[in-house]
4 protein chains.
Amino acid sequence: MNTFGHLFRLTDFGESHGPAIGGIIDGMPAGIVFDEGLLADDMKRRRPGGHAASPRQEDDDVEILSGIYKGFTTGAPIGFIIRNRDVRPDDYASLRGHYRPNHADYTYAVKYGRFNDPRGGGRSSARQTACRVVAGAFAKMALNKLLPALQIKAGLEQSLENILDAREKGDSIGGSVACLVSGLPAGIGEPVYGKLHARLAEAMMSINAAHGFEYGDGFALASAKGSEVIDEFFKTADGSIQTHTNHSGGIQGGISNGMPINFRVAFKPTPTFPSSIPQGAKPGRHDPCVALRAVPVVEAMAAITILDCFMEARARAL
Amino acid sequence: MNTFGHLFRLTDFGESHGPAIGGIIDGMPAGIVFDEGLLADDMKRRRPGGHAASPRQEDDDVEILSGIYKGFTTGAPIGFIIRNRDVRPDDYASLRGHYRPNHADYTYAVKYGRFNDPRGGGRSSARQTACRVVAGAFAKMALNKLLPALQIKAGLEQSLENILDAREKGDSIGGSVACLVSGLPAGIGEPVYGKLHARLAEAMMSINAAHGFEYGDGFALASAKGSEVIDEFFKTADGSIQTHTNHSGGIQGGISNGMPINFRVAFKPTPTFPSSIPQGAKPGRHDPCVALRAVPVVEAMAAITILDCFMEARARAL
Amino acid sequence: MNTFGHLFRLTDFGESHGPAIGGIIDGMPAGIVFDEGLLADDMKRRRPGGHAASPRQEDDDVEILSGIYKGFTTGAPIGFIIRNRDVRPDDYASLRGHYRPNHADYTYAVKYGRFNDPRGGGRSSARQTACRVVAGAFAKMALNKLLPALQIKAGLEQSLENILDAREKGDSIGGSVACLVSGLPAGIGEPVYGKLHARLAEAMMSINAAHGFEYGDGFALASAKGSEVIDEFFKTADGSIQTHTNHSGGIQGGISNGMPINFRVAFKPTPTFPSSIPQGAKPGRHDPCVALRAVPVVEAMAAITILDCFMEARARAL
Amino acid sequence: MNTFGHLFRLTDFGESHGPAIGGIIDGMPAGIVFDEGLLADDMKRRRPGGHAASPRQEDDDVEILSGIYKGFTTGAPIGFIIRNRDVRPDDYASLRGHYRPNHADYTYAVKYGRFNDPRGGGRSSARQTACRVVAGAFAKMALNKLLPALQIKAGLEQSLENILDAREKGDSIGGSVACLVSGLPAGIGEPVYGKLHARLAEAMMSINAAHGFEYGDGFALASAKGSEVIDEFFKTADGSIQTHTNHSGGIQGGISNGMPINFRVAFKPTPTFPSSIPQGAKPGRHDPCVALRAVPVVEAMAAITILDCFMEARARAL
């Protein structure tokens, strides 16, 4: 399905080479200042076009169609569209009937038969992530009001040198994105199936090209001894409870413990490269390192997930 | 929330030291043979008591209360309970007011205040996973009928030597579980937010002590070059399409491609150990390697997730 | 599916002639006093056995299995079962293969094939409503804390004379239940698809034998003129806003306006009666007026729905 | 929330006087012919402008933005927008701070505070129903393929004479819409909470101005005797099972029985009329009988609900 989230949620649509992509943000509280600068900045960070990114010029003008009145959110759903302007369907025409390896071409063809829109990967295009960034920006606006101390910062774990090197060779390279969420109070997340890290994992693994998720010490814990990774509690001067170390990544039993939440997401290398294209076919335009552009998307999905979990926690408080 | 799944789903309840745990399996198709042996085997594999496991004797008799008639599922929800028989609440009484490190004690206390049931971790106890295994067994029964070629096999990636060594030293050790799903046809999973691997990630990360998830080449892809991990397609003698390699882990664009699906789940070491317990307090009874008992739980969650995704795919087929 | 509600929800199971029925109440806030008397009273009101009701002796002992600790809710899901004690399957054996008119026998047979449990209507039995009453009692306990002024009262609109007369003649009679909810503050309910009255309609129409729902002036509005049914606003002495009349039934635009909410639910007559039974077959034991026993069920579903909507409203408040 | 449906669902946005309304239709099967004529006809039927309707000229051009490729649905979500062209915000400016009786003005103000968009009722405007009609048209396209024999027909139960009379007097009048669904096979709908009529009730009661829902003999059953409303089964010449009468309205135990489904929805009179407007304020433009325009909306919601329930039934079939 094309909806993410429970109480705060994004539903979106759009293929990379149709008239537009867009979405509906539902569950936005009323009375939040619409921060255009925040939205513009996040969209700019996601946009391709840097020298380490794809040559495609996406003009990501977000047109807000509802839910904002006189500079504030109204509580009504926020509809938005982003027109596709740099559409060149013939780039892809020659690929018809050819399944690009490591793409969704084959699986979409099995699932949807001959009815799938093959242009630019259609619905599987990374362009879809623009909708996530829009919703993430609105989630951040709400969080700025509800949890002013909250900060979400993600960074790429791959060197620019490697990326440029891959690009020069017509190759690509993977990367991971490390994200740190600080300022989240303890008590957010649900036991059992709604664990905060399970919700984050679902969110992150839904991003194009994601292949792994870990939080706290993550996979390293699989070879650690219990005695090595104890996060002992202590009381701070102001009486709050913290831990000396943070092997747990800020989450215990699926619920935030007030320490910074850290997680990492692994992204595969961009799959397209000249040698996989049949004779005479032109390649699409792609990034040498998809993880680079995933950074703001990871932040956006984190913001959406945390706001959603925060709302759920609040619903049942006495 | 305490429900997992959309069309096939498990809702469960129960604390480790209350009268019983149990659950409701909803969405089970009618006419599936109730395979008591399969259920008993899976429950036995999860049960503590082996020499590498906890000394607690859990008598996991599953009492089925509905949804089965004359040996077949009826299509009605399957209610079941498992009585807690080996309850020793005084093991935990001395821990009252003490937050065990790396446990959910503190976060539950923040979330639920003084009303939380502190005995044995309450709802956060690994005993909850018994309900997952019951539901997983029913999912397997349905899959045996719907997808007879499907096989789900998981194995522990940690040596028995390390586990016994940790146990001897009063310590514990982490581990990972590798799972292989073969025989799943192409076309299962949804684009964007319902990606098969996102659903699997959510499922696996909801298991107690899970700290990481990866599929296909996973985190290794973050440092791989695109040219090194291409899964080229080829046509088999019988006309079916396969790939030579399987870096993608059987999933492309979030949808199964017919190749085996493989994923790994990292589990942290069991957190309890003598030195963290206050003077005079008795420790709970715990496994030296929680990943060991997670193996059938991983399989169960995989079965539930795959059946659920299969049902969703079927709902919209022409 | 066998789940009702979003944030506060009941999932239940059980056939009338299996070992037990039961359910799981999820989303209950922590720290609510467990009011055993309230639960017992509501269960007693639903129980068959009065002289205007069915001769079946149902022993509705509710066994609570989780979620309560030292007299308070813990925030964990509340599991409960009710054993079926007065089971006489041979009452129904003779009906095998015969579809009783106005029952679910035929439609269940089509839907589930030969696997359906035919005893006593199986899952379609009115006994299922006991689970609703249990969940409703817990919803009332939470509402007593969260909204102390709230009152939910429902009453039967059918004369005892008519009921006894129908019973004497081996016939049955329909009835409607009128429900009044007072003390609900304005602002509960969601625009568009989550309208409070749409949620109430779904809740009430899910009760066995329900055939109609209306709120405020209901069907009478279909022949009314706009000028006749205006609920003019006025300011009370204390500055609150009320309406002089209440044709709107306390809901405008799907959201409570602070006036009492009133709605009615129509129930068909109990369908079973001697003449529809094949030669030699014994009839089941049934009520002459199913609406009589529906009264506490209507209240229960109202309590569940209102608590759920209240939680949803609170989740998004600033 | 602003989503309706489970497997086939509509999420929509938009205020009557913002730039546009629109929606996303998710769950549409791939390979359905896009029937532009069907969509245009349904939109035309809903459009105001007839002599018995509102003078507002709504130019309901539906712009489809995704999910259609070469005349067929692709399986991807269908995004669409409808621009608001005939916007006259000053009609409503004078109403600021005045709560129109029987409107959502007051309840929205309580729920959303001063942030609500007051123009033309904002999100509560009947213009929102245009999105339902678009989604209903797509549901019908899918049903035409999946269930070719299905027919959904609704009609107004109010005389044109009464409507014109009300209009002439500056008044309005209520009405009801009777809907008949024929050709639906037996077995659609779920027991207990997903009863087909409960789903229909929720759908219909979510339509603006709806105040009542009944199916089969509806409220008349509340005063009927059991012996008077028996739908006896019989076998037809071709071996199919039908009932002689249809007091049950084609649904038994919440599941379709193969007979025609009939239900009625009561709509209140349009609330706006000159006398309720403060001195000097201009009234909005409204229909004398909102039920008239509700006819295609009822059909649309019926189509959406039935397709959704059909998909759910299919998901679990063996």
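The values are calculated or read from the model by the stated rules, or taken from the named source; none is laboratory data. Just so it is clear, the structure is predicted and the values come from calculations on it, not from any experiment. In this analysis, Cβ positions are derived from the backbone assuming ideal geometry, glycine residues included, and neighbour counts consider all displayed protein chains. For the accessible areas, the whole protein counts, side chains as well, though only heavy atoms, and no ligand, DNA or RNA atoms are used. Shrake-Rupley method; radii C 1.70, N 1.55, O 1.52, S 1.80 Å.
Worth pointing out:
- At 0.692 mPa s and 37 °C, Stokes diffusion of region B:3-317 via Kirkwood alpha-carbon radius, µm² per second: 158 µm²/s
- Annotation: amide H of B:ASN246 has no partner in the under-5 Å range at sequence separation 5 or more or interchain, hydrogens built in the peptide plane.
- Residue and distance for the chain C Cβ closest to the axis that moves C onto B, in whole Å, come to C:THR11, 2.
- Annotation: lysines with alpha-carbon distance below 24 angstrom to A:LYS153 (same-chain offsets under eight excluded): A:LYS44, A:LYS140, A:LYS145, A:LYS195, A:LYS268.
- Using a 7 Å Cα-to-Cβ projection, B:GLU161 label spacings across copies, nm, ascending: 3.9, 9.2, 9.9
- Calculated [θ] (222 nm, deg cm²/dmol) that DSSP helices of n ≥ 4 give over chain B, each run adding -39,500 (n - 2.57): -8500 deg cm²/dmol
- Residue among A:GLY253, A:GLY122, A:GLY14 with the largest mean-square fluctuation in a Gaussian network model of chain A, springs linking Cα atoms under 10 Å: A:GLY253
- In straight-distance terms, cross-link reach from A:LYS111 covers every one of the aspartates and glutamates whose alpha-carbon lies under 15 Å from its own, apart from those fewer than eight places away in the same chain; here that gives B:GLU190, B:GLU312.
- On Cα atoms only, tilt of C:290-315 relative to the major axis of chain C in degrees: 40 degrees
- For chain D, built as a Gaussian network whose Cα springs stay under 10 Å, the top-fluctuating residue of D:ASP171, D:ASP105, D:ASP238: D:ASP238
- Dipole orientation for chain B: of the candidates B:PRO29, B:TYR112, B:ALA186, B:TYR112 has the Cα lying most toward the positive pole (charges on Cβ; Lys, Arg +1; Asp, Glu -1).
- Computed from backbone phi, the HN-Hα couplings of region C:194-207 come to x, 4, 4, 6, 6, 5, 5, 4, 4, 4, 6, 5, 7, 6 Hz, rounded to whole numbers (Karplus: 6.51 cos²θ - 1.76 cosθ + 1.60, θ = phi - 60°; Gly and Pro given as x).
- For A:ARG47, the solvent-accessible surface with a 1.4 Å probe is about 80 Å², rounded to the nearest 10.
- Helix B:129-146 axis, angle to chain B major axis (alpha carbon atoms, nearest 10°): 20 degrees
- Under 5 Å from the amide H of A:GLN252 lie the amide H atoms of A:ASN257, each residue being 5 or more positions distant or on a separate chain, with H modelled from the backbone and absent for Pro and chain starts.
- Annotation for C:PRO185, label-to-label distances across the other copies: 1.8, 5.1, 5.4 nm (shortest first, one decimal, point 7 Å from Cα along Cα→Cβ).
- Computed with a 1.4 angstrom probe on protein heavy atoms, the A-B interface buries about 6800 square angstrom of accessible area in total.
- Dipole-positive endmost among D:ALA139, D:GLY174, D:PRO77 within chain D (Cβ charges, Cα centre): D:PRO77
- Projected onto planes of every orientation and averaged, the convex hull of the alpha-carbon atoms in the protein assembly as shown covers 47.3 nm².
- Shortest-first nm distances, A:GLU232 label point to equivalent points in other copies (7 Å, Cα→Cβ): 5.8, 7.5, 8.5
- For region C:241-252, putting each phi into the Karplus relation 6.51 cos²θ - 1.76 cosθ + 1.60 with θ = phi - 60° gives couplings of 9, 9, 10, 5, 10, 9, 4, 6, x, x, 9, 9 Hz, in residue order, rounded to whole numbers and with x for Gly and Pro.
- Rg(Cα)/(2.2 N^0.38 Å) for region B:171-228, N = residue count: 1.37
- Remark: relative contact order (chain B) = 24 percent; criterion is Cα-Cα distance under 8 angstrom and separation of 6 or more residues.
- Charge dipole (Cα centre; +1 on Lys/Arg Cβ, -1 on Asp/Glu Cβ; no other charges) of the protein assembly as shown amounts to roughly 0 debye.
- Here region D:83-223 exposes an accessible surface that is 49 percent carbon and sulfur, computed with a 1.4 Å probe and the other protein chains kept in place.
- Among C:LYS235, C:LYS145, C:LYS195, residue whose mean-square fluctuation peaks in a GNM of chain C (springs only between Cα atoms under 10 Å): C:LYS235
- Dipole check for chain A: with +1 at the C-beta of Lys and Arg, -1 at the C-beta of Asp and Glu, and the Cα centre as origin, the magnitude is about 620 Debye.
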